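Heads up: the structure comes next, in structure tokens.
Read the figures in this text as sums done on the coordinates, not as results from a lab. Not measured: the values here are computed from a predicted model. Cβ coordinates were reconstructed from backbone atoms using ideal geometry, including for glycine residues, and neighbour counts include every protein chain displayed.
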Amino acid sequence: MDMDLTLTSAEVIYGLMACALAIALGAMLARKQAQAFGARPTRQRQGEPSGKGQLPGVNFFDYGDMRFLHLGTPAVQGSMKISKPFDIHLEYQQRMMAWLLFADLDRVQHLHAMQLGLGAASLTKFCHLQLGMQTSAVELNPEVLNTCRLWFHLPQDNAKLQVLLADAAEVASDSQWQDKVDVLQVDLYDQEAAHPVYDSEDFYRNCRLMLTDEGCMVVNLFGHAHSVDKSLKAITAVFKGQAVWHFKPTHAGNTIALAFKKPRTSDKGALVSQARTIELRWPLPATKWVSALSMHT
């Protein structure tokens, strides 16, 4: 059946107006977040479309010392403090490093970290450059990767860093990654950031298979159309009792869950001692984590 796909001039104009509105809303939201850092807007740039019809283009905005990543909508997909590009400044992403509370800190540089979802590459850069870990990241949108390389200080691939342009679920189900990852950080959202892209028991089961015996999966649970309790139920069904820990939500509404391949128990005193050691080695507010973290039952 023949279909007339020709757009009228009015449709083109409305489409351009919608794109402009999305960018303007993104700038407004980024400005609001940047106010917490005492920043003033300086400039904005818009990336090119990814070249794949289903993937959004990438744009980012600078406000003073802050740079915010967007996928064509107001939702912030990542950010960076320009004066400290290799630190993690967002609270929820700092909490995604809380697996360090249970790790042998003298062996961290021998571990393998993987991020499912690159965002603004904060976790990838920190694991690779600050912790010295073997680091892999999985990102579906090539324009996100290009933007991170050009504007967010993500290094080129090297012997200890690899970024895969691929679908996270396909990577998680690929047998070549089974028992290979010590720390799996999952932060998967589309341009609207309404709920996780993958959030099923089957997906979390594949993630568990990726982990080494002492491995940990860390997940960001967020979104106005998302149920944290439902996600934690799915994660607990896969990882079982005493293996799942979670934080209280951040002020922005992010709940971070840690799921270990083997159950982990620890008293508060041991966690506080470990947190103090972490703070001596790396720029992370680890002692604040202890009071906000608990075992999920």
Simple SL model, points at 7 angstrom along Cα→Cβ for GLN162 and ASP174; separation in nm is 0.8 nm
Taking r as the C-beta separation of ASP202 and HIS153 and R0 as 45 Å, the FRET efficiency to the nearest 0.05 is 0.80
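Find the percent of Cα-Cα distances in the range 134-214 that exceed 19 Å, and round it to a whole number.
Numbers: 1347 of 3240 pairs.
Above the 19 Å cut-off, the range 134-214 has 42 percent of its Cα pairs.
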The exposure ranking of TYR63, TYR92, fewest beta-carbon neighbours within 10 Å first, is TYR92, TYR63
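Under 15 Å from the Cβ of GLN156, count the other residues' Cβ atoms, weight Lys and Arg +1, Asp and Glu -1, and hand me the total. Write down the numbers at each step before the final one.
Values: positive: LYS125, ARG149, LYS160; negative: GLU139, ASP157.
After counting each charged neighbour, the total is +1.
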Treating only Lys and Arg (+1) and Asp and Glu (-1) as charged, each at its beta carbon, one finds that the range 91-295 has a dipole about its Cα centre, in Debye to the nearest 20, of 760 debye
Karplus-derived 3J(HN,Hα) from phi for the range 137-143 (6.51 cos²θ - 1.76 cosθ + 1.60, θ = phi - 60°), whole Hz, x at Gly and Pro, runs 9, 10, 9, 7, 8, x, 6
If the chain between SER291 and GLU279 were fully extended at 0.36 nm per residue, the gain over the current Cα-Cα distance would be 2.8 nm
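Measure up LYS262/LYS288; LYS125/LYS248; LYS248/LYS268; LYS248/LYS288; LYS180/LYS288 against 22 Å on the Cα-Cα distance and list the ones that go over.
Details: LYS262/LYS288 25 Å; LYS125/LYS248 25 Å; LYS248/LYS268 16 Å; LYS248/LYS288 12 Å; LYS180/LYS288 30 Å.
From LYS262/LYS288; LYS125/LYS248; LYS248/LYS268; LYS248/LYS288; LYS180/LYS288, over 22 Å: LYS262/LYS288; LYS125/LYS248; LYS180/LYS288.
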Dimensionless Rg/Rh of the range 140-297, both radii on Cα and Rh by Kirkwood, sits at 0.96
